[in-house]
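Below you'll find the structure, written out as structure tokens, and then a few comments.
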Amino acid sequence: PVVFTTSTGLVRYCVGSHSGVLFCGTIPESTEIWRCQLPDRIESSPCFLLSRVYVGCYDGFIYVVSSDTGTIEYSVRTGDQVKCSPSTDTSGSGSVYCGSHDGKLYKVSPQLDQGSTNFV
């Protein structure tokens, strides 16, 4: 799972499941905030960056989900299943990196209009 603090200071967690559900709850009560159904299984742990949750899915997409509402903001198509856990770039670029079973590493921008880049 990924644990994060909202802009209002609330502590939450998100975890994915093999049933394709991405679940967000509160800590320490574990009260459900939202759940987001993805089309296929989630094998990896999500990551959090700038009010968004990033998670890979077996359908070959990396999903970018609002941490406030659980709404899918956009997705990035890869060439195969995504079993890797996304990771934030700590150098300050504000990007997320995630590997795919297609053997490529994908850089996902937090801004939809900047799209994504894949690296061999």
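The values are calculated or read from the model by the stated rules, or taken from the named source; none is laboratory data. What you are looking at is a predicted structure, and each value in this text was computed from that prediction instead of being measured. Cβ atoms come from the backbone with ideal geometry, glycine included; neighbour counts cover every protein chain shown. Note: accessible area is taken over every heavy atom of the protein model, side chains too, but ligands, DNA and RNA are not part of it. Shrake-Rupley method; radii C 1.70, N 1.55, O 1.52, S 1.80 Å.
The residues of the range 47-80 that are within 13 Å of H18 (Cα to Cα) and either open to solvent by 50 Å² or more (accessible area, probe 1.4 Å) or assigned to a loop (DSSP other than H, G, I, E, B) (or both), listed by number, are C57, Y58, D59. For the range 1-20, which positions are under 11 Å from the mean Cα position of the chain (by Cα) and outside any loop (DSSP other than H, G, I, E, B)? Of everything in the range 1-20, those that are under 11 Å from the mean Cα position of the chain (by Cα) and outside any loop (DSSP other than H, G, I, E, B) turn out to be V2, C14, V15, G16. For the range 27-46, the candidate set comprises residues that are open to solvent by 30 Å² or more (accessible area, probe 1.4 Å) and among the small types (G, A, S); within that set, the residue that is modelled with the lowest pLDDT is S30. Among the residues of the range 21-42, those identified as under 23 Å from R77 (Cα atoms) and part of a loop (DSSP other than H, G, I, E, B) are L38, P39, D40, R41, I42. Can you tell me which residues in the range 39-57 are hydroxyl-bearing (S, T, Y) and within 16 Å of C84 (Cβ to Cβ)? S44, S45, Y54, listed by residue number.
Every residue in the range 81-90 that is under 10 Å from the mean Cα position of the chain (by Cα) and under 18 Å from H18 (Cα atoms), please. Selection gives S85, P86. Looking only at the range 92-104, decide whether some residue is open to solvent by 60 Å² or more (accessible area, probe 1.4 Å), among the hydrophobic types (A, V, I, L, M, F, W, C) and touching a Pro at 6+ places or on another chain (Cβ under 6 Å). Among the residues of the range 92-104, not one is open to solvent by 60 Å² or more (accessible area, probe 1.4 Å), among the hydrophobic types (A, V, I, L, M, F, W, C) and touching a Pro at 6+ places or on another chain (Cβ under 6 Å), which makes the answer no.
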